[in-house]
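J.: Have a look at the structure that comes next, please.
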Amino acid sequence: MDQVEKTLRSLGKCITADAAGGWATAGPKVLDRVNRLADQLLDLTASDTATQRAILDLGGRDLLLKVLSEANGGDAADADLQSSLERVRERCVSSLANLARTPDVAAALVGYAPCVDLVIFTLLNEADTRVLQAAVRFLQTAFTILAADPGALIDLISAVLDSNAIEHLFFIINNTLAPALFNDAVALVTTVLWMFHRRLALDAGEGADPDFPFVPRTEVEGVVAYLVAVLQRGVLGQDGAVTAAPGAEVSWQVAATVAKCLGTMALIGPAWQLLLDPHAPALYRTFAALWPSISRDPDLEPLAGYWLRIVSQLNPAGWSVVVKAIADADAPSADKLAETAVLHSLPALVRAAAPWVTRATVRRLQAEYPDALQALEAAAPKVHGELMARAGVVA
């Protein structure tokens, strides 16, 4: 705490002392302090609530907001100065995001109108990808940390909805060339859609809440098409990455983020689910191509779950074809698909994959996941019986 306090006081002094000389004079010193501060705040653990609260009491929040709001302008032709200012803004927003990692401090930040207004303004108006990513990370952190206390999020939720920030996130997703920003923006859209989906309608006329903004269908359709294309163009590289043409690589982490977003859309309501239906053939083909690799890597288990969330909402008439394609390429992965479908309570997919299930897999399910098998039997007794019969196992 002593080091953080020292940095805050030093930052305040250099802003005051060098104000007359403008950012050309103060910029390097301010950047040094905010760099140091962001790193110090990142080093704080989630248990350091008292320290983080003390930072607010020392005026750290207001100081960061002051620097963030003033770190612009100057000589537009001075590329070095503009780059320095962008870095200062990024470090300020990152510091705020690092502070927001505990509920108490996060609530104090998002309950403070100037902080919310400035972060939303940054999201909507910033051009630098690093600053944008920091703003997205602040919002994602706040929504995640305060998910159990929606009352603390009222001001932030209102600002996000009233400012059309969701549509701007769609714009970022469709246009950014920065993989990290793309990943974080998709993740934030997923969080926002899940949080608001009971009242967030596509277009104004489809049961929309008159007191709640709606999302233009055409914009969402464009985002869905783009996200599907990211996955559809994916081919497995030798390094285990998913390579998206032309010339860009999408890591497994990004692939999981995209799949989670589409899977969330598939779950939040019929109108949203219908957005995926035109892309069902592409999604089925991509799932069939990726599943053998996904199923063999325990680290990719979240990605497996997200993909099953997607395909479970598509027309089950296509599942037998997809499973056969998987089995023809790699029979053990079809066996793994049957097991995973049992664990995710997807009877129709279990039926499609049952011909390739092994006795060992069913025995393992009986020993380790008896509740999942019981749930399958209760929901679809014929499928349960077929699974047991295929494996030659007596229930």
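The values are calculated or read from the model by the stated rules, or taken from the named source; none is laboratory data. Note that the structure is a prediction, hence the values are computed from the model and not measured. Counting neighbours? That spans all protein chains shown, and the Cβs are built from the backbone with ideal geometry, glycine included. These area figures cover heavy atoms from the full protein model, side chains too; ligands, DNA and RNA do not enter into them. Shrake-Rupley method; radii C 1.70, N 1.55, O 1.52, S 1.80 Å.
J.: Given the conditions (1) touching a helix residue (DSSP H, G or I) at 6+ places or on another chain (Cβ under 8 Å); (2) in a helix (DSSP H, G or I), which single one is not true for residue 82?
T.: So residue 82 meets the others, but not (1).
J.: To continue, here is another question. Given the conditions (1) over 15 Å from the mean Cα position of the chain (by Cα); (2) open to solvent by less than 20 Å² (accessible area, probe 1.4 Å), which single one is not true for residue 142?
T.: (1)
J.: Do we have residue 190 as under 26 Å from residue 227 (Cα atoms), in contact with a Cys (Cβ under 7 Å, 6 or more places away or on another chain) and either among the aliphatic types (A, V, I, L, M) or buried (at least 16 other Cβ atoms within 10 Å of the Cβ) (or both) here? Give the derivation first.
T.: Working: under 26 Å from residue 227 (Cα atoms): yes; in contact with a Cys (Cβ under 7 Å, 6 or more places away or on another chain): yes; either among the aliphatic types (A, V, I, L, M) or buried (at least 16 other Cβ atoms within 10 Å of the Cβ) (or both): yes.
Answer is yes for this residue.
J.: Sort out which residues of region 279-313 are more than 19 Å from residue 194 (Cα to Cα) and hydrophobic (A, V, I, L, M, F, W, C), and write them in order of number.
T.: Going through region 279-313, the residues more than 19 Å from residue 194 (Cα to Cα) turn out to be 279-301, 304.
Across region 279-313, the qualifying residues are 280, 282, 283, 287, 288, 289, 290, 291, 294, 300, 304.
J.: So which of 87, 91, 101, 61 ends up being basic (Lys, Arg), within 21 Å of the chain's Cα centre (by Cα) and under 21 Å from residue 137 (Cα atoms)?
T.: Details: 87 fails: within 21 Å of the chain's Cα centre (by Cα); 91 fails: within 21 Å of the chain's Cα centre (by Cα); 61 fails: within 21 Å of the chain's Cα centre (by Cα).
Exactly one of 87, 91, 101, 61 is basic (Lys, Arg), within 21 Å of the chain's Cα centre (by Cα) and under 21 Å from residue 137 (Cα atoms), namely 101.
J.: Tell me which residues, restricted to region 316-342, are within 14 Å of residue 290 (Cα to Cα), charged (D, E, K, R) and within 30 Å of the chain's Cα centre (by Cα).
T.: Within region 316-342, 336 is the sole residue that qualifies.
J.: If I ask for residues that are open to solvent by 70 Å² or more (accessible area, probe 1.4 Å) and in contact (Cβ under 8 Å) with a residue 24 or more places away in the chain, which ones from region 315-331 would you list? Don't jump to the end; show me each part of the working.
T.: Going residue by residue through region 315-331, those that are open to solvent by 70 Å² or more (accessible area, probe 1.4 Å) are 315-317, 321, 324, 328-329.
Selection gives 315, 316, 321, 329.
J.: Which one of these does residue 348 not meet: (1) of a type in the set (A, V, I, L, M, F, W, C); (2) buried (at least 17 other Cβ atoms within 10 Å of the Cβ); (3) in a helix (DSSP H, G or I)?
T.: In the conditions (1) of a type in the set (A, V, I, L, M, F, W, C); (2) buried (at least 17 other Cβ atoms within 10 Å of the Cβ); (3) in a helix (DSSP H, G or I), residue 348 misses (2) alone.
J.: Moving on. I need a count of the residues in region 162-177 that are over 15 Å from residue 219 (Cβ atoms) and either part of a helix (DSSP H, G or I) or among the acidic types (Asp, Glu) (or both).
T.: Residues meeting the conditions: 1.
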